[in-house]
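Novice: Here it is, the structure, as structure tokens.
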Amino acid sequence: MTLFEALEQVYNEAQAALELAGDSAGLEAWYAAYLGRKGTVTLQTRAVGQLPKDERPAFGQRVNEVKQALEEAYAARAEAIKQAEMLRTLESGAIDITLPGRPVPQGHLHLTTRTLRQIYDIFAMMGFEVFEAPDVELEAYNFDLLNIPDYHPARDMWDTFWVQTPPGEPRLLLRTHTSPGQIRAMRERATHQEPIRVILPGKCYRYEQITARSEHQFYQLEGLAVGRGITLTDLIGTMHQFAELFYGTGRKIRVRSSYFPFTEPSVEVDTNCILCGGGGCGVCKYTGWLEIAGAGMVHPVVLQNGGYDPAEWSGFAFGMGIERPSMMKYDVSDIRLYYGNDLRFLRQF
Amino acid sequence: MRVPLSWLNDYVDVKNIPVQELANRLTLAGMEVEAIETIGYPGAELPWDPKLITTAEVLSVGPHPDADRLVLVEVDYGGPEHEIAVTGAPSLYALKGQSDLHLKVAFAWEGSLLYDGHAEGFVQRKLKATKVRGVLSRAMVCSQKELGLADVHGDIIYLPSDTPVGVPLTEVLGDYVLDFEIKGPFGHLQCVYGIAREVAAIFGRPLKRTPLEAAIRLGLTTVEQPEAVELEIADPDLCPRYTATMIRGVSIGPSPLWMQLRLQRAGMRPINNIVDITNYVMLELGQPLHAFDYAQIRPRSAGSKPAIIVRRALPGEQMATLDGELRTFDGDMCLITDGGGPVGVGGVMGGLDSEVKDTTRDILLEAANFFFLNIRRTTQLLKISSEAGSRFGKRVDSELALIAGARAAELMRELAGGVVDSIAGDRYPGKPAPFPVAYCPAMADSILGVIIPAEEQRRILTALEFSVRDNGPEDWEVLVPSYRLDVRHPVDLVEEIGRIYGYDRFPHTLIDEPLPPLRHNVPLEEEERVRDWLVGLGLDEIISYSLIDPADEPRLASPGTALTFAGEAIPLRNSLSPERSQMRRSLLPGLLRTARNNLRFLERVALFEVGRVHYRLATPNPAAGETGVAEPRRVAMALAGPRQGRWFEATDRSALDYFDLKGIVEAFLERLALLDKAQWERGAHPSFHPGRCARVTVEGREIGYLGELHPLVCEAFDLPVQPVVALEWDLEALLDAARAAEGGKHVGMISAYPPVHEDLALIVDAGTPALDVQRAILQAGLPLVTRALLFDIYQGPQVGEGKKSLAFALTYQSPGKALDESDVEKLRMRIIKVVEKQLGAKVRRA
Ligand SMILES: [Zn+2]
């Protein structure tokens, strides 16, 4: 076998061996075996001296070609092996992506806070600001100034928690409704004889047996608008607007005559049942309607008590419960869940 | 209040108004119909088949060939032949052998659905043709119970003799009963006639005045002192009118079927004709009546005639009322007395002794009027509830007294065989003056926002018995009828017009006026932001009861200590339970009870509440609108349970501690721009662990305490044995400080030059607060030391007894240049000097 033939044989052998090198270690071994200092290809170059002078250049050139080709093949192979190895590493690092993430503690707003904010936003669009009044209230503000004198039968509408006060002192109570805020808002604004648009949210208290449907503590939201030409149709329109924004578009409104000592005329405002749409169901007691507010035109006596001359000013007021809308919306059957603060309930909102 | 339609129809024709429409229109006009009960008609619990259940006439009663206790009745049911039916009804059995009878009855054919008369309660069954002892019976004569008209199986029903034969029974006894929920103190709506008046106005139909005109039919006249009794009203402020009518020679017995049915349908139980008549007239006209046994009314002195004196009770005076209770009166309660003493509580309840009995022959009928507020005061103080008291408490028209008295007397004449004295007694010191209201039809437009033609306004007012005098198109004088004691202002007239006209016809408008000056509600906006931040920090918001158990306050203090509050507690005079009997002065009881309740189901709670506390500072001053009660806002938080939830790899399951809460609080303070301004000092507070409690102030103002709750406080609140960390802070103080800090805020320089980092360990006394050291470093390094982060604390032999080492990672950075080693060296030396001087700190060398 000539040296040329031997070189070609080594070359073929090296190419075949390279195919078999499956990992970095095999590849390094291959390199040492063929292209290393004592590698077969390297040794071939050293055999050049055994050739006649005129053949040496040709042989030298061929050796270099072979070396270069093998170096390139080596590099390509090395790259392929590297990629295959990375792939193997990544594959072995696969996780079950359905496992739960590291828990992050979540906080939740109370359902009542959420409802109140929704209502604040709606009335803010209509120019109503929030006005706050005390929970512990004067009897005069809760009743007398609202046109409900002592022993008046209208007082039966509110079962009252009375505060222990020393004999002879003016009596205090826990407000039974947010309406005393009407007097407070009017008296504050009366100094400048400004028109008024306020909503008055707050806790109210009733001396009532606690059941799934009635609590001794609940939230109410009162609205009061006083101006120089406010009418009952404005009240109806405002309630309709509210119902559309709060319960969704397409709400219908029904206005019934009612009685409150501090409004005249007095009405109750219903909207078509959010559950059955008006066809009748258990929630609406098969009437198709749900009451959303008690309302009316501010009684002239109340305007007067608030410092506004009824000959010049008129106004409307409304009051709505805060728990009932969400009870209806989410089908909550027990009002005690609200202020009993069972987190398993509150965390659903 | 229950109103049978058949009764209503006596005064206003409602026959061709569908009952549902009638109910809707009344509801819209303010008389809310809560339910409609159907009797006999389709939709009833027991509908009477109009073909199978009809009226009929019993013609004769013959013996049953084979049964001694049964009889055969021959019945004309309007068909071609007569039907023979078997019955054991006692009243028919008693007629055995008689013919030429004309008894109108309710007759049911086989296939009818009826209630089982002998079953307990109401059990429906279908009537089947049966052979009763050899005689085929295909139909039966019905009792009230079998038709669902009564709950006891009594005798069969006898219908009025003028009842036509062979018509569906529904036409005679079928009915609808409207059940009203009347809001407001309206005596005039608490009766059938009052509702009839409203129906007449709403539907524009005539109102029949028949029941009001009994006095005319009786030819009754009045005098102040009638023959039968001496009348005196000593206190006309409590009793504006007292009328007394004599009905002599009555026979007490059951009232007729029609009256019994009406009473039952209106929700009252028939008793006897006299009592039934007083109840009937009360339901019809709204005027409570009282029938005295005349024989029991005593004279003032022997030989004079019986006397009735209406007067204030003597303080401490006593009487047994009809319900058997012995009542004690105060000097403002109104008594009906006779010559011998009290015989009734005026307008509330009669006395036990003068009650009508089966043997009563002569009736003294009281129809009086009482001042409503005093009636309410009396019923509330005596805790007595009666139909009369509830009606008088809602105001009854004093003009009604004689009208109703005459109406009842007329019925006693007709139904109890009484003879009415033609002159009745009438003391009327409190006759109200006519009440005119000046009115202009344009008021309706300006208040309601809708134009209702003047003629329609006049029609409505007239239909409601207001009389309108026209002084000009814009100047009406409207005379308020005596029954409308609530109408005093023009706006009251507007309401009458609006509600009868129908609010459903009103357009919807929005306020078309200048907006009031717009304002922010800054405190509320801040409060809502606080809620959002705390929720973002992983806390659940709660809203707890403002009423708490007063014993929860001492529970908040560990033994041997006591809490102090900024003001006096506010206890209730009437409470539902001791657990809800005082307004909270702290948010912690509610928070801890919530934590405890939830820890029964959850392993970890992180809660906050933003709310008001309430305490008394001064005497209320109504004139200034001052309650004397402070209601400042607080924020409270509580954490308990493991730091992290369980996961599929190990998590930190150690208990949440002081530093968890402090971490939340620091993030919260950072939001409020108060992180650098808050001063932390060791706190001593009755609720907290003495070594794990901090008192926080800003600019010298106390914000509140924070710490691990004292284990005995946890125990007092029945919390599981585990650390609970909590705080309660003064939200007003905190927000004031935040507002001030926000106002004085300047943006710090952002440097483009590289920082230099190095560590500095200082040995200080073990008791030295780390914050003091950190603040001293920062102070000394101003302005180039931008950060001093505590990263290691060491206590042990290497630093010596009573000492600790605090290691800080310092960052030096200049806004103007890159610092070199000599700059840093200088700063370091300055810091070391300062901490050495201020805190006795030594540098710890590695
Ligand atoms: Zn419904």
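The values are calculated or read from the model by the stated rules, or taken from the named source; none is laboratory data. Just so you know, these numbers come straight off a predicted model, no measurement behind them. Cβ sites come from the backbone with ideal geometry, for glycine too, and all protein chains shown count toward neighbours. Each accessible area value is taken on the protein alone, full model and side chains, heavy atoms only, with ligands, DNA and RNA left out. Shrake-Rupley method; radii C 1.70, N 1.55, O 1.52, S 1.80 Å.
Novice: Can you tell me which of A:341-349, B:142-150 comes out highest on packing, and rank the rest after it, using the mean Cβ neighbours within 10 Å?
Specialist: Descending mean neighbour count gives B:142-150, A:341-349.
Novice: How do the peptides B:328-338, B:422-432 rank, highest first, by the average count of neighbouring beta carbon atoms within 10 Å per residue?
Specialist: Put in order of decreasing packing, that is B:328-338, B:422-432.
Novice: Between the chain alone and the structure with every protein chain in place, find the residues of the stretch B:631-660 that drop at least 50 Å² of accessible area; heavy atoms, 1.4 Å probe.
Specialist: Buried on complex formation: B:Glu631, B:Trp647, B:Phe648.
Novice: Quick one: which residues, 5 or more positions from B:Leu46 or on another chain, have an amide H under 5 Å from its amide H? H modelled 1.01 Å from N in the peptide plane, none for Pro or chain starts.
Specialist: Residues meeting the amide H criterion: B:Gly40.
Novice: Treating only the Cβ atoms of Lys and Arg (+1) and Asp and Glu (-1) as charged, compute the dipole magnitude of the stretch A:3-92 about its Cα centre; round to the nearest 20 debye.
Specialist: 400 debye
Novice: Another question about this same structure. Find the relative contact order for chain B and round it to a whole percent, using C-alpha pairs within less than 8 Å whose residues are 6+ positions apart.
Specialist: With pairs under 8 Å counted, the relative contact order is 8 percent.
Novice: If you fit an axis through the alpha-carbon atoms of helix B:821-839 and take the longest principal axis of the Cα set of chain B, what angle between them do you get, 0 to 90°, nearest 10?
Specialist: Between the helix axis and the principal axis of chain B, the angle is about 70 degrees.
Novice: Within a 10 angstrom radius of each residue's Cβ in A:255-263, how many Cβ atoms of other chains show up on average? Whole number is fine.
Specialist: What the average comes to for A:255-263 is 6.
Novice: Hey, another quick one. Angle, helix A:56-92 long axis vs. longest principal axis of chain A, Cα atoms, 0 to 90°, nearest 10?
Specialist: On a 0 to 90 degree scale, this one is about 30.
Novice: Something else: Over chain B, give the accessible area per residue in Å² for a 1.4 Å probe, as an integer.
Specialist: 44 Å²
Novice: Right, something else. Per-residue mean of other chain beta-carbon atoms within 10 angstrom of the beta-carbon, peptide A:234-243?
Specialist: The per-residue average across the peptide is 4.
Novice: Enumerate the calculated ³J(HN,Hα) couplings along the stretch B:690-699 in order (Karplus 6.51 cos²θ - 1.76 cosθ + 1.60, θ = phi - 60°), each rounded to whole Hz, writing x wherever the residue is Gly or Pro.
Specialist: x, x, 10, 9, 10, 10, 10, 10, 10, 6
Novice: Here is a further query. What net charge do the residues around B:Leu510 carry, taking every other residue with its C-beta under 13 Å from that of B:Leu510, with Lys and Arg at +1 and Asp and Glu at -1?
Specialist: Here the charged neighbours net out to -3.
Novice: Also, I was wondering about something else. Here is the link list: B:Lys96/B:Lys145; B:Lys662/B:Lys745; B:Lys677/B:Lys833; A:Lys252/B:Lys208. Which ones come out longer than 31 Å on Cα distance?
Specialist: As for pairs spanning more than 31 Å Cα to Cα, those are A:Lys252/B:Lys208.
Novice: Accessible area per residue, 1.4 Å probe, Å², for the stretch A:3-92: what's the number?
Specialist: Heavy-atom SASA per residue in the stretch A:3-92 reads 64 Å².
Novice: Provide the net charge surrounding B:Gln813, with neighbours chosen by a C-beta distance below 15 Å and charges set as Lys +1, Arg +1, Asp -1, Glu -1.
Specialist: Result for the neighbourhood of B:Gln813: 0.
Novice: Of the accessible area of chain B, with the probe set at 1.4 angstrom, what percent is carbon plus sulfur?
Specialist: 52 percent
Novice: Evaluate the charge dipole of chain B about its Cα centre and quote only its size in Debye, nearest 20, assuming +1 on the Cβ of each Lys and Arg and -1 on the Cβ of each Asp and Glu.
Specialist: That gives a dipole near 2200 debye.
Novice: Take the solvent-accessible surface of the protein heavy atoms, probe 1.4 Å, and return the percent of it on the stretch A:26-146 that carbon and sulfur atoms account for.
Specialist: Result for the stretch A:26-146: 57 percent of the exposed heavy-atom area is carbon or sulfur.
Novice: Helix A:111-125 versus the longest principal axis of chain A: what angle, 0 to 90°, nearest 10, using Cα atoms?
Specialist: Tilt relative to chain A: about 80 degrees.
Novice: Continuing with the same structure: With contacts defined as alpha carbon pairs under 8 Å and 6 or more residues apart, what's the relative contact order of the stretch B:701-829 in percent?
Specialist: Taking the mean separation of contacting Cα pairs over the length of the stretch B:701-829, I get 25 percent.
Novice: Which residues, if any, in the stretch B:581-611 have at least 30 Å² less accessible area in the whole protein complex than in the isolated chain, probe 1.4 Å?
Specialist: Those are B:Met583, B:Asn598, B:Phe601, B:Leu602, B:Arg604, which lose 30 Å² or more relative to the chain on its own.
Novice: Over all residues in A:91-101, what is the mean tally of Cβ atoms on other chains that come within 10 Å of each residue's Cβ?
Specialist: Going residue by residue through A:91-101 and averaging, the value is 1.
Novice: Is the stretch B:523-743 rounded, prolate or oblate when judged by the Cα gyration tensor, a ≥ b ≥ c being the square roots of its eigenvalues, rounded requiring a/c under 1.5 and prolate requiring a/b larger than b/c?
Specialist: oblate
Novice: What are the ³J(HN,Hα) couplings of the stretch A:322-331, residue after residue, when phi is run through the Karplus curve with 6.51, -1.76, 1.60 and θ = phi - 60°? Round to Hz, x for glycine and proline.
Specialist: Once θ is set to phi - 60°, the couplings for the stretch A:322-331 become 9, 7, 4, x, 6, 4, 5, 4, 9, 6 Hz.
Novice: Mind jotting down the distance between the C-alpha centroids of the stretch B:797-834 and the stretch B:226-273, whole Å?
Specialist: 102 Å
Novice: I've got another one for you. Karplus couplings for the stretch A:15-26 from phi (6.51 cos²θ - 1.76 cosθ + 1.60, θ = phi - 60°), rounded to Hz, Gly and Pro as x?
Specialist: 4, 5, 5, 4, 4, 7, 5, x, 9, 4, 5, x
Novice: Please give every one of the lysines within straight-line cross-link reach of A:Lys38, meaning a C-alpha to C-alpha distance under 25 Å, and leave out same-chain neighbours fewer than 8 residues apart.
Specialist: A:Lys53, A:Lys67
Novice: Given H placed on each backbone N at 1.01 Å, which residues far from B:Ser467 in sequence or on other chains put an amide H within less than 5 Å of it?
Specialist: Hits under the 5 Å cutoff: B:Leu479.
Novice: Rule-of-thumb check for the protein assembly as shown: C-alpha Rg over 2.2 N^0.38 Å?
Specialist: After normalising by residue count via 2.2 N^0.38 Å, the value is 1.40.
Novice: Please list, ordered by chain and number, the residues whose modelled amide H lies under 5 Å from the amide H of B:Val135; skip anything fewer than 5 residues away on the same chain.
Specialist: none
Novice: Sticking with this one: Counting only DSSP beta bridges with both residues in the protein assembly as shown, what percent are antiparallel, rounded to the nearest 5?
Specialist: Just about 95 percent of them are antiparallel.
Novice: Figure the gain on full extension for B:Lys833 and B:Ile750 (residue separation times 0.36 nm, minus the Cα-Cα span) and round it to one decimal in nm.
Specialist: Extra length available between B:Lys833 and B:Ile750 comes to 27.1 nm.
Novice: Using a Förster distance of 60 Å, how high is the FRET efficiency between B:Ala295 and B:Arg529, based on the Cβ-Cβ distance and rounded to 0.05?
Specialist: Calculated transfer efficiency: 0.15.
Novice: Chains B and A: what accessible area do they bury, summed, in square angstrom to the nearest 100, with a 1.4 Å probe?
Specialist: Adding both sides of the contact gives about 8300 Å².
Novice: Specify whether the C-alpha gyration tensor of the stretch A:112-346 places it in the rounded, prolate or oblate class, a ≥ b ≥ c being the square roots of the eigenvalues: rounded for a/c under 1.5, otherwise prolate if a/b is larger than b/c and oblate if not.
Specialist: Verdict is oblate for the stretch A:112-346.
Novice: While we're here: In whole angstrom, how long is each semi-axis of the equivalent ellipsoid of chain B, when you take the square root of 5 times every eigenvalue of its Cα gyration tensor and sort them from largest down?
Specialist: Values for chain B, descending: 83, 35, 30 Å.
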